[in-house]
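*Asks:* Quick one: the structure is below, and I'll ask about it shortly.
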Amino acid sequence: MNPEATPDSSDRGARDVRERLHDAGLRVTGPRLAALTWLRGHPHSTADQVASAVRRELGSVSTQAVYDVLNACTDAGLLRRIEPAGHPARFETRTADNHHHLVCRRCGRAEDVDCVHGAAPCMSPSSTAGYAVDEAEVVFWGLCPDCQAPAPEPTDPHTHH
C-alpha cells in the first residue's frame, strides 16, 4: 500500500475534489469524483485511460459520459487538456500555473516542465498583433528514457552458448 494513500489522505483528497467541483459550480457526481481523483494521481492520462479507471471504480459508465465529465471539468478550469500533435489529448489537474510539457515522439508519454521565467506567460512573442497574451504553451519533443533504451538483441534459438 502506498504510504501516502492512507485512508485519511484519500478522504481528504475526496473532500478536496468535492470542494473544487462545488467551487467551480459543478454538481458533485460519481463520474466527476472518480475522474478527478484518478487524474490527481495519473496526470497526462487520455480519455480512454480515465474511462477505464472510472469504470473500475463505478462499474458501467459510458464513454460519452466520461468525455462529458472531462469537457465540463476542463471548461470549469479544473482540468487542463493538452493535445500533443499526433497523439491523443491528455488531461491533468495541474491548472494553476503556466507550465509546459516534454512529450515522447514514440510512446506519447508526457511530463511537466516548469516555466523557466516564472510568471505567465513566461515567454513574450516578438509581436502580439493586438492580442492580450496570457499564456504560452510549449511542447518539448524527444524520446523518453524508456524509448531511448536500446532494444534487446534477439536470441537465435539455433545458436548454442
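*Asks:* Taking the Cα centre of the range 46-117 as the origin and placing charges on Cβ (Lys, Arg +1; Asp, Glu -1), which of H99, G59, A72 is farthest toward the positive end of the dipole?
*Replies:* Checked the options; the winner is G59.
*Asks:* Would you list V103, V69 from fewest to most Cβ contacts within 10 Å? Could the numbers behind the result be given before it?
*Replies:* Values: V103 22, V69 26.
Neighbour counts put them in this order, fewest first: V103, V69.
*Asks:* Can I ask one more? Provide the per-residue ³J(HN,Hα) series for the range 70-78, in order, calculated from phi with Karplus coefficients 6.51, -1.76, 1.60 and θ = phi - 60°, each as a whole number of Hz, with x at glycine and proline positions.
*Replies:* With coefficients 6.51, -1.76 and 1.60, one gets 4, 5, 5, 5, 5, 4, 7, x, 7 Hz.
*Asks:* Shifting gears a bit: Sort S124, S60, S52, S45 by Cβ crowding within 10 Å, fewest neighbours at the top. Kindly include the intermediate steps, with their values, before the conclusion.
*Replies:* Details: S124 10, S60 6, S52 15, S45 21.
Fewest-to-most ranking of S124, S60, S52, S45: S60, S124, S52, S45.
*Asks:* Here's a follow-up. Return one quarter of the surface area of the convex hull spanned by the alpha-carbon atoms of the range 7-82, equal to its mean projected area, in nm². Intermediate results must be reported in sequence, preceding the final value.
*Replies:* Working: hull surface 18.6 nm².
Its Cα hull, projected and averaged over all orientations, spans 4.7 nm².
Laboratory data are not the source of any read-out in this text; all were calculated from the coordinates shown. Computed from a prediction, not measured in an experiment: that's the story for all the values here. Every residue, glycine as well, gets a Cβ built from its backbone with ideal geometry; the counts of neighbours run over all protein chains shown.
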